[in-house]
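Structure, as C-alpha cells:
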Amino acid sequence: MFDGQQKPITIGIVEALEATEFALSTLFNNQPEMQVVTTARDGETGLRALIEHRPRIAVVEIDLENRSGFEIAGDLAMRQRETKVILYSVAMPDIYVDQALRTKVAGYVLKTDTLANLVIAVQRVANGGTFFSEQIRERITLDPISGQMKTQCESRLATLSDRQIEVLRNLAIGLSVKDVAKKIHISVKSVDSHKYRIMQALEIHDRVDLARYAIREGLVCP
C-alpha cells in the first residue's frame, strides 16, 4: 500500500478481458505508490467510470465494445485533462500509432512488453512525461518545424479523421449503418456522410472491398 503521507498515483483500468484486468489491478496495487480506483470492461462504462473517479492515469485497451480507446482518450482530453491516458494493446498498425498521437495520449504500451515497462510508463506519465514502447517509438519522428511527434505513416487512412476511422472500423466488422450510428452515438445521416467521404478518400466504392482494405491495413482483425 502507499505511504499515508503521500498521495497515491490513482489509476483507472479499462480492459475487456477479466484475466488481464485482474492482473493489472494486482500489479498496480502491489506498487507502494499506486492505487487502482476503478475498472471497467467496455468503453461506455469505462468512460463513465473514469469521469466519476477522476484517476490521474487511465490504462485503456484500444479495442473495446461501445467506445474505442481512442474515443475515450479524445473525450477525456476535452472534458478531464487531469486524467492522462496510456493505451495498452497488442495491436500497433501505423494508423493506430497515428491516431494515438492525434488524440495526444501520454503513452502507448504493447501487451508484449514486460509488466515492469508498464509500471515505468505509469510512473513517467504521472510525473508529467510520456512513454511509448520501443516498437512504437521506432515509428515516430519529431517534426523539426512544429516540434510535434508524428508517424511515418503513408497509408491513405492517415487522411481520414478520427471519427471517419471509427466509422470505417465498425463498417469493416460488418455493422450496418444504423448499428454504427447507434454504437458511436451519431445520426444515421452522419454515418452515411462519413461513409461517402471515406470511400471518396480511399477511392473504394464497394463495401466488401472497403472491409478488405481495413483488414489489410491492420485496422480490424480478419
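Structure notes:
- Residues of the stretch 174-222 classified as small (Gly, Ala, Ser) and not in a helix (DSSP H, G or I), total: 4
- Pairs, first surrounded by 20 or more Cβ atoms within 10 Å (Cβ to Cβ) in the stretch 13-39, second among the aromatic types (Phe, Trp, Tyr) and in a helix (DSSP H, G or I), C-beta under 7 Å, six or more apart: 34/28; 36/28
- Within the stretch 140-167, the residues that satisfy the criterion of being modelled with pLDDT under 70 and surrounded by fewer than 17 Cβ atoms within 10 Å (Cβ to Cβ) are 142, 143, 144, 145, 146, 147, 148, 149, 150, 152, 154.
- Qualifying residues in the stretch 167-193 (those that are in contact with a Leu (Cβ under 8 Å, 6 or more places away or on another chain) and in contact (Cβ under 8 Å) with a residue 24 or more places away in the chain) - the one farthest from residue 156 (Cα to Cα): 183
- In this structure, residue 22 does not satisfy being over 28 Å from residue 169 (Cβ atoms), assigned to a helix (DSSP H, G or I) and more than 14 Å from the chain's Cα centre (by Cα).
- Identity of the residue in the stretch 164-201, more than 15 Å from residue 66 (Cα to Cα) and polar (S, T, N, Q), that ends up nearest to the chain's Cα centre (by Cα): 164
- Within the stretch 80-102, the set of residues being in a loop (DSSP other than H, G, I, E, B), at pLDDT below 95 and in contact with a strand residue (DSSP E or B) (Cβ under 8 Å, 6 or more places away or on another chain) comprises 90, 92.
- Among residues of the stretch 48-65 that are assigned by TED's automatic domain parsing to the domain that holds residue 130 and over 18 Å from residue 10 (Cα atoms), those with a Cβ under 7 angstrom from a residue that is buried (at least 23 other Cβ atoms within 10 Å of the Cβ) and among the β-branched types (Val, Ile, Thr), sequence gap 6+ or separate chain, pair up as 64/14.
The values are calculated or read from the model by the stated rules, or taken from the named source; none is laboratory data. Values in this document were obtained by computation on a predicted structure and should not be read as measured data. Note that each Cβ is placed from the backbone with ideal geometry, even for glycine, and that neighbours are counted across all protein chains shown.
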